[in-house]
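Novice: Could you have a look at this structure, given as structure tokens, before my questions?
The values are calculated or read from the model by the stated rules, or taken from the named source; none is laboratory data. The structure presented is a predicted model; accordingly, all values stated were derived computationally and were not measured. Because the Cβ atoms are built from the backbone with ideal geometry, glycine has one as well, and the counts that use them run over all protein chains shown. In case anyone asks, the SASA skips ligands and DNA or RNA and just uses the protein heavy atoms, side chains included. Shrake-Rupley method; radii C 1.70, N 1.55, O 1.52, S 1.80 Å.
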Amino acid sequence: MDVIVEVGGWEHACCGPAIERDRVVDLGCTRWSDPHGRSRLTETHHHVDPEVRVQGRVTEIQVRDGATVLPILRVPSGRALRGLDEDDDGHLEDPWTGAVVTPASGDFLVTVRTPG
């Protein structure tokens, strides 16, 4: 089953790890309802006991750009996004062309294929 986790904001900028396509992840998440009543999952690092753990392989990563989303290769770590990682410049890139992507936001959608 594919599960979409929202990643970004201060939670990821603070201490979020890099997330890459085709890698196995174990994301601690909080659950919330959007204005339309849909259940959403957001990555968290600051809740002692996350409400939900999403474990599986990353199949898709997108970044919000206004009303649309753009595919990207990876989500850089929070340190890299803040320009504090000397080994990672924190840029976002198109997964097929390698072109640098410069979206209007730092809000990401990570699709994780779970085992069940």
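Novice: In the set ILE19, ILE4, which member is under 13 Å from the mean Cα position of the chain (by Cα), surrounded by fewer than 18 Cβ atoms within 10 Å (Cβ to Cβ) and within 21 Å of LEU73 (Cβ to Cβ)? Let's see the steps before the verdict.
Specialist: On the way: ILE19 fails: surrounded by fewer than 18 Cβ atoms within 10 Å (Cβ to Cβ).
Within the list ILE19, ILE4, the selection yields ILE4.
Novice: Also, I was wondering about something else. If I filter the range 77-89 for residues that are crowded, with 16+ Cβ neighbours inside 10 Å and part of a strand (DSSP E or B), do I get at least one hit?
Specialist: At the first step, the residues of the range 77-89 found to be crowded, with 16+ Cβ neighbours inside 10 Å are 77-81.
Subset that is part of a strand (DSSP E or B): none.
No: zero hits.
Novice: Write out, first by first residue and then by second, each pair whose Cβ atoms fall under 6 Å of each other, whose residues are 6+ apart or on separate chains, and whose first residue, in the range 86-115, is modelled with pLDDT of 90 or more while the second is surrounded by 10 or more Cβ atoms within 10 Å (Cβ to Cβ) and of a type in the set (S, T, N, Q).
Specialist: Pairs found: LEU109/GLN62; THR111/THR59; ARG113/THR59.
Novice: Identify, from the list THR102, THR97, THR68, THR44, the residue that is open to solvent by less than 60 Å² (accessible area, probe 1.4 Å) and among the hydroxyl-bearing types (Ser, Thr, Tyr).
Specialist: Numbers: THR102 fails: open to solvent by less than 60 Å² (accessible area, probe 1.4 Å); THR97 fails: open to solvent by less than 60 Å² (accessible area, probe 1.4 Å); THR68 fails: open to solvent by less than 60 Å² (accessible area, probe 1.4 Å).
Going through THR102, THR97, THR68, THR44 in turn, just one is open to solvent by less than 60 Å² (accessible area, probe 1.4 Å) and among the hydroxyl-bearing types (Ser, Thr, Tyr): THR44.
Novice: Okay, next question. For the range 1-57, name all the residues that are in a loop (DSSP other than H, G, I, E, B) and either among the small types (Gly, Ala, Ser) or free of Cβ contacts under 8 Å to residues at least 12 places away in the same chain (or both).
Specialist: Restricting attention to the range 1-57, the residues satisfying the condition of being in a loop (DSSP other than H, G, I, E, B) are 1, 16-18, 21-23, 34-38, 44-51.
Those that are in a loop (DSSP other than H, G, I, E, B) and either among the small types (Gly, Ala, Ser) or free of Cβ contacts under 8 Å to residues at least 12 places away in the same chain (or both): GLY16, ALA18, ASP34, PRO35, HIS36, GLY37, ARG38, VAL48, ASP49.
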